[in-house]
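Working notes, structure below.
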Amino acid sequence: MSDSPKMIFVNLPVADLAKSKAFYEALGFTNEPRFSDDTGAAMVWSETIFVMILSHEKWKGFTDRPIAPATSSEVSLALALGSREAVDAMVEAAAAAGGTADINQVQDHGFMYGRDILDPDGHVWGPFWMDPAVANGEAPVPETSV
């Protein structure tokens, strides 16, 4: 088996590639021009996580299945951040960049905090923070918080 890191490429259909690219850049993603053109853009979250935003025409080259309307919820993608403040900052950046903040109830369990946003095409993103001690198993999950 290869020693290459496991990677994920999340593919999303978008109505306006330029608008979506600007939205994701406002959230802290960077564009990888080697995998981008006028039909799609590779937006990098980390060394192993990419979001491929694809024009509807490009998307239709991969599947005959219909594109879900922006009013549906096909998936919710969670992004771990380093602090509660980083969660709030991402939600504020999303709203300022054409997204919708707090489309679901804010989740605050003390050791974990999360909020949900919509991108301009209705894809749900959930920036969240979790106490590192709980996340890595050094501390138990508080019983009253889940």
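Arrange the residues VAL51, VAL141 by how much accessible surface each exposes, largest first, with a 1.4 angstrom probe.
Ranked list, largest accessible area first: VAL141, VAL51.
Using only the alpha carbons, work out the radius of gyration and Dmax of the range 43-146 in angstrom.
16.0, 48
Restricting to bridges with both residues inside the chain, how much of the DSSP beta-bridge set is antiparallel, in percent to the nearest 5?
60
For the chain, with every protein chain kept in place, what is the accessible area per residue (1.4 Å probe, Å²)?
Details: 8680 Å² over 146 residues.
Accessible area per residue, the chain: 59 Å².
Given labels modelled 7 Å from the Cα in the Cβ direction, how far is it in nm from ALA133 to PHE35?
Going from the ALA133 label point to the PHE35 one covers 3.8 nm.
At 1.4 Å probe size, what's the solvent-accessible area of ARG84? Round to the nearest 10 Å².
70
For the full complex of protein chains and a 1.4 angstrom probe, list TYR113, TYR24 by accessible area with the highest value first.
Values: TYR113 25, TYR24 0 Å².
Of TYR113, TYR24, the descending order of accessible area is TYR113, TYR24.
Just the C-alpha atoms of the range 31-99: what Rg/Rh do they give, with Rh taken as the Kirkwood radius?
1.01
Subtract the Cα-Cα distance of HIS109 and GLU74 from 0.36 nm times their separation in residues, and report this length gain in nm to one decimal.
That works out to 10.1 nm of additional length.
Where does each of 120-126, 35-41 land if you order them by average Cβ count within 10 Å, highest first? Before the final figure, lay out each step's value.
Working: 120-126: 19.6, 35-41: 15.7.
The densest-packed peptide leads the list: 120-126, 35-41.
List the equivalent ellipsoid semi-axes of the range 89-146 in whole Å, largest first, each obtained as the square root of 5λ for an eigenvalue λ of the Cα gyration tensor.
Here the semi-axes work out to 27, 11, 8 Å.
The values are calculated or read from the model by the stated rules, or taken from the named source; none is laboratory data. Quick caveat: nothing in here was measured; it's all calculated off a predicted structure. Positions of Cβ are backbone-derived with ideal geometry, glycine not excepted, and every protein chain shown enters the neighbour counts. Just so you know, the surface numbers come from the protein's heavy atoms only, side chains and all, with ligands and any DNA or RNA stripped out. Shrake-Rupley method; radii C 1.70, N 1.55, O 1.52, S 1.80 Å.
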